[in-house]
1. Out of all the residues in the range 112-151, which are over 10 Å from the mean Cα position of the chain (by Cα) and polar (S, T, N, Q)?
2. Only one of these conditions is not met by GLY19: (1) open to solvent by 60 Å² or more (accessible area, probe 1.4 Å); (2) on the phi > 0 side of the Ramachandran plot. Which number is it?
3. For ALA82, only one of the following conditions fails: (1) of a type in the set (A, V, I, L, M, F, W, C); (2) closer than 17 Å to LEU150 by Cα; (3) open to solvent by 70 Å² or more (accessible area, probe 1.4 Å). What is its number?
4. Given ARG77, ARG144, which one is open to solvent by 20 Å² or more (accessible area, probe 1.4 Å) and under 25 Å from GLU29 (Cβ atoms)?
5. Any idea how many residues of the range 91-119 are open to solvent by less than 40 Å² (accessible area, probe 1.4 Å) and among the acidic types (Asp, Glu)?
6. Of the conditions (1) touching a strand residue (DSSP E or B) at 6+ places or on another chain (Cβ under 6 Å); (2) of a type outside the set (Gly, Ala, Ser); (3) in a helix (DSSP H, G or I), TRP45 fails just one. Which one is it?
7. So which residues in the range 107-117 are more than 14 Å from THR43 (Cβ to Cβ) and in contact with a strand residue (DSSP E or B) (Cβ under 9 Å, 6 or more places away or on another chain), if there are any at all?
Amino acid sequence: MASDDKRNILRIGPPAHPGEAEITPAMIEAVLKRIKDAGGILTVWAVLHEDVYETDFGDGFYLHVRGIALNSADAHRLADLAGGDSKFSKWHVRSYRLGLENDLPSFLALWRPEEEFTINQFVAILSEIPPGGTASKLLTGSGRRKDGPLLSIS
């Protein structure tokens, strides 16, 4: 069952905040096709970034999505591209199940407090994966995805 959390509400059209991706009908269609092709439930592996300084001295432990793969091996390969854990950052790989709610992509599990991302971010990143591809690019910078740098396993 999908979460009623506002982070699970897909916002179509111009972004709510400057610098966020605009969610287009083509992006939604690409993700819907993947979910339908997977039989209604698509499992993806997210590559999540933790800012260790924030965890230790700031507001706490939070994870931000930086890349997505359609299998665990490619997600770990993406995380390895970042150079591994360091004094300032850690990389985590977690699986998420996506389904449909009101004919739109939706997370199928409750949110964890440390997850600082929305379904919009997942749709934007998943729609980057070309047909036949297995992973998005990995954002290794601290800014917006459009500003990079982005690394690829292919």
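1. Result: SER127, THR134, THR140, SER142.
2. Only one criterion in (1) open to solvent by 60 Å² or more (accessible area, probe 1.4 Å); (2) on the phi > 0 side of the Ramachandran plot is unmet by GLY19, namely (1).
3. Condition not satisfied by ALA82: (3).
4. Answer to the selection: ARG144.
5. Result for the range 91-119: 2.
6. Among (1) touching a strand residue (DSSP E or B) at 6+ places or on another chain (Cβ under 6 Å); (2) of a type outside the set (Gly, Ala, Ser); (3) in a helix (DSSP H, G or I), TRP45 violates only (3).
7. ARG112, GLU114, GLU115, GLU116, PHE117
For (1) β-branched (Val, Ile, Thr); (2) in contact with a Pro (Cβ under 9 Å, 6 or more places away or on another chain); (3) at pLDDT below 90, each residue gets a yes or a no:
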position: ALA2; (1), (2), (3): no, no, yes
position: HIS17; (1), (2), (3): no, no, yes
position: PRO25; (1), (2), (3): no, no, no
position: VAL31; (1), (2), (3): yes, yes, no
position: ALA38; (1), (2), (3): no, no, no
position: TYR53; (1), (2), (3): no, no, yes
position: ILE68; (1), (2), (3): yes, no, no
position: SER86; (1), (2), (3): no, no, yes
position: LEU98; (1), (2), (3): no, yes, no
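The values are calculated or read from the model by the stated rules, or taken from the named source; none is laboratory data. Bear in mind the structure is a predicted one, so any value in this text is a computation, not a measurement. As a convention, Cβ positions derive from the backbone with ideal geometry for all residues, glycine included, and neighbour counts pool all protein chains shown. We work out accessible area using only protein heavy atoms, side chains counted, and drop any ligands, DNA or RNA first. Shrake-Rupley method; radii C 1.70, N 1.55, O 1.52, S 1.80 Å.
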